[in-house]
Amino acid sequence: MNKRKHDGFLKYTYSKPVNAKALLQIASRTNKNLAAILAEVDLETLEEIPEAFNEVGERGEADLAFKVKAINGGEIRFGLLLEHKSSPDNGIMAQIGKYAIRVMVDKNNSEYAWMPTKAIVIYNGTDPWDPLAQYKNIHAMYNGRIPHFEFAFVNLAEIDDDYCLAHGNAEAAIGAITMKYAFDMEKYNAMLPKIEKKLATLPNSESACLVSKIELYLGEYISQEALEDLKMAFKSIGQRLGFVSAGDERRALERSNRRLKSANKAKDAVIADKDAMIADKDAQLADSARRIAELEAKLAEMGK
């Protein structure tokens with residue numbers, strides 16, 4: 001199993017409602033199940049439920065919760081859950097069920113605070129997994145009474161690369177491609193020229209920040225050697241586009257500090273050598289003074 005600890009990449013990228021909307025648009029183009037459960041909501045009204053998962057005392061790999069209005073207007077709100085997985089998880093339905101009850105709450109609704117939930121699992125693993133079949137089995141077993149949420153499964157391996165990178169939201173598109181190929185650096189490296197074109201459409205500060213987050217995220221999946229190669233590739237891209245990632249800035253500062261420490265050590269060594277020479281001369285002068293004193297004493301004795 002490809003079990004990975006939590007990192008902030010999906011949360012950094014898709015906690016922004018405009019980016020979450022773009023990801024769902026990209027995925028729903030070929031995912032009919034996702035398109036169906038999104039058909040009645042207005043993605044323009046996405047509103048994050050901040051730090052929602054602190055309330056349940058645990059976090060998935062990168063969980064996000066939103067409120068969203070119905071497409072036909074009015075005050076009806078749905079809860080929209082994004083749950084990222086990089087390996088199959090047989091407990092996913094129980095996990096989402098708990099979130100739907102404890103997280104999907106509209107505190108502004110005094111009449112009935114619980115929002116009907118639409119749960120979406122974003123999967124980038126390499127092992128076969130079909131939680132949608134699990135959901136349908138449970139749904140049929142209990143005659144539709146449970147699970148008490150709608151469900152869609154997005155396998156990022158099924159998204160179309162060209163369509164994804166043609167999307168106007170560069171940050172969301174690059175994020176999706178990065179997650180899709182997290183386990184396949186050969187394909188990801190082949191995508192770098194297209195990723196560079198998308199990065200060129202972003203302000204330099206945003207490109208630099210996104211690249212730093214990508215390096216941190218992929219560091220959980222790939223070897224140190226592959227990561228260093230990727231960092232060099234992103235450094236070249238940054239030089240061409242005119243930005244320096246936070247990682248490059250940090251590494252440059254570390255190199256500068258090492259050079260400074262090395263220079264200080266060299267200076268300390270020179271000073272130590274000079275101190276040793278001075279101490280040696282002082283010892284020689286002291287010895288000479290002692291001998292002179294002894295000779296003077298002998299001469300004084302002979303003169304008596």
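Scanning segment 188-210 for residues that are closer than 18 Å to M232 by Cβ and either of a type outside the set (V, I, T) or modelled with pLDDT under 95 (or both) yields Y188, N189, A190, M191, L192, P193, E196, L199, S207, A208, L210. For segment 69-114, residues that are under 31 Å from the mean Cα position of the chain (by Cα), over 21 Å from L132 (Cβ atoms) and modelled with pLDDT of 90 or more total 1. Scanning segment 189-208 for residues that are of a type outside the set (A, V, I, L, M) and without any contact (Cβ under 8 Å) to a residue 40 or more places away in the chain yields P193, K194, K197, K198, T201, P203, N204, S205, E206, S207.
Number of residues in segment 114-149 that are touching a strand residue (DSSP E or B) at 6+ places or on another chain (Cβ under 7 Å) and under 20 Å from E40 (Cβ atoms) equals 11.
Of the helices (runs of 4 or more DSSP H) lying entirely inside segment 83-194, those containing at least 2 residues that are surrounded by fewer than 16 Cβ atoms within 10 Å (Cβ to Cβ) are 92-102, 131-141, 161-166. Considering only segment 217-237, I want to know if a residue exists there that is outside any helix (DSSP H, G or I), modelled with pLDDT of 85 or more and of a type in the set (D, E). Yes: one or more hits.
The values are calculated or read from the model by the stated rules, or taken from the named source; none is laboratory data. What you are looking at is a predicted structure, and each value in this text was computed from that prediction instead of being measured. Positions of Cβ are generated from backbone atoms using ideal geometry, with glycine treated the same way; all protein chains shown enter the neighbour counts.
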